[in-house]
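Everything below concerns the one structure shown next.
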Amino acid sequence: MDVNYYRDLRGLIGKRNSIRGALFSLKNIVPEFENCHLGYEYFIQPSSYKRGDIIAVTTLPSTLTDKYKPSGGENADPVVENIVGMDDMLTIELPKITGNKRSKYYKNPFFLDMQSLGYPIITAYNLLPKGEFGFGALSVMKPDLLTGRQHPPSHYTVIGYAFHLMMKTHGYIERYLEITPKEKEVLKRMAAGRTAHDVAAKFEVTQRTIEMRLASARKKLKARTTTEAVFKCVCYGIL
């Protein structure tokens, strides 16, 4: 992608404390997103979302997002479920899926409320170019099909990828997952081949303390092993 575009976007968004805050800035500075809500979804393995192992943030009001998990969460989300096989973009008309008795989304409370707020259309753009690891989308929730259609999908992919790089390289994902500096330091040393015993000696704490920090990091990262935790930290830009 154009490095200058990435720098320009970074300058326009500025420093925000969260992914959600950065999405609001993106929404406000890109003319095509006027009157829309945005979503950022990213996960590493094809089946990650099935165990809730996904970063998913939107600009939708909390009164609506509070209903997301009770309505099925990632396992009842047509965007998340189709990111893996998505080409350039995916358009979802909510009235069609929530009104179809054969659809798993039939009368889904979350998507019905989205429609009642005036956002019946979701268009998701693949934000990762070929060769990048993981799966992600920049979702645009629109009042109608025409909103935001002034450019080809590649235009939104560039925006989405630039945003994604910001989330990785400027610590947004690290803050989202609430990885502490101590947990990060331990994971960094484990990535370098150290043992918990080695790290404990380095910081003059007990091995149990190091193991507890690793356990906490694994839980936050939804990693089964320390190796998986390190791998995910690399993908997320934490290490």
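Each value in this text was obtained by applying a stated rule to the coordinates, not by laboratory testing. From a predicted model like this one, the values you see are computed outputs, not experimental measurements. Don't worry about glycine lacking a Cβ; one is built from the backbone with ideal geometry, like all the others, and counts go over all protein chains shown.
A few points about this structure:
- Helix 207-221 and the longest principal axis of the C-alpha atoms of the chain enclose an angle of approximately 10°.
- Put a plus charge on the Cβ of each Lys and Arg, a minus charge on the Cβ of each Asp and Glu, and nothing anywhere else: the dipole of the chain about its Cα centre is then about 760 debye.
- Comparing T169, I92, Q115 along the charge dipole axis of region 3-174, the residue lying farthest to the positive side is Q115, per the Cβ-charge model.
- The residues packed around Y40, meaning those with a beta-carbon under 12 Å from its beta-carbon, carry a net charge of +2 if Lys and Arg are +1 and Asp and Glu are -1.
- In this structure, the residue pairs whose Cα-Cα separation is over 20 Å, taken from K188/K222; K168/K222; K69/K130; K96/K142; K188/K232, are K69/K130.
- Between helix 181-191 and the chain: long-axis angle, C-alpha atoms, 0 to 90°, nearest 10: 70 degrees
- Residue separation of T195 and K27 scaled by 0.36 nm, minus their Cα-Cα distance, works out to 56.0 nm of gained length.
- Relative to the dominant Cα principal axis of the chain, helix 3-13 is inclined by about 80°.
- Cα gyration tensor category, rounded, prolate or oblate, for region 57-122 with a/c compared to 1.5: rounded
- Taken as Cα centroids, region 64-100 and region 162-234 sit 31 Å apart, rounded to the nearest whole angstrom.
- Calculated Cα extents along the principal axes in Å (choose from [x] 57, 35, 31; [y] 60, 44, 26; [z] 61, 44, 32), label: [z]
- Coil-residue chymotrypsin sites (Phe, Trp or Tyr not before Pro) of region 41-118, DSSP, other Cβ within 10 Å capped at 15: Y106
- Listed from fewest to most Cβ neighbours within 10 Å, the set H151, H164 follows the order H151, H164.
- Shape of region 31-158 from the C-alpha gyration tensor: oblate (a/c of 1.5 or more and a/b not above b/c, with a ≥ b ≥ c the square roots of its eigenvalues).
- Linear extension gain, D87 paired with F203, 0.36 nm per residue minus alpha-carbon span: 37.0 nm
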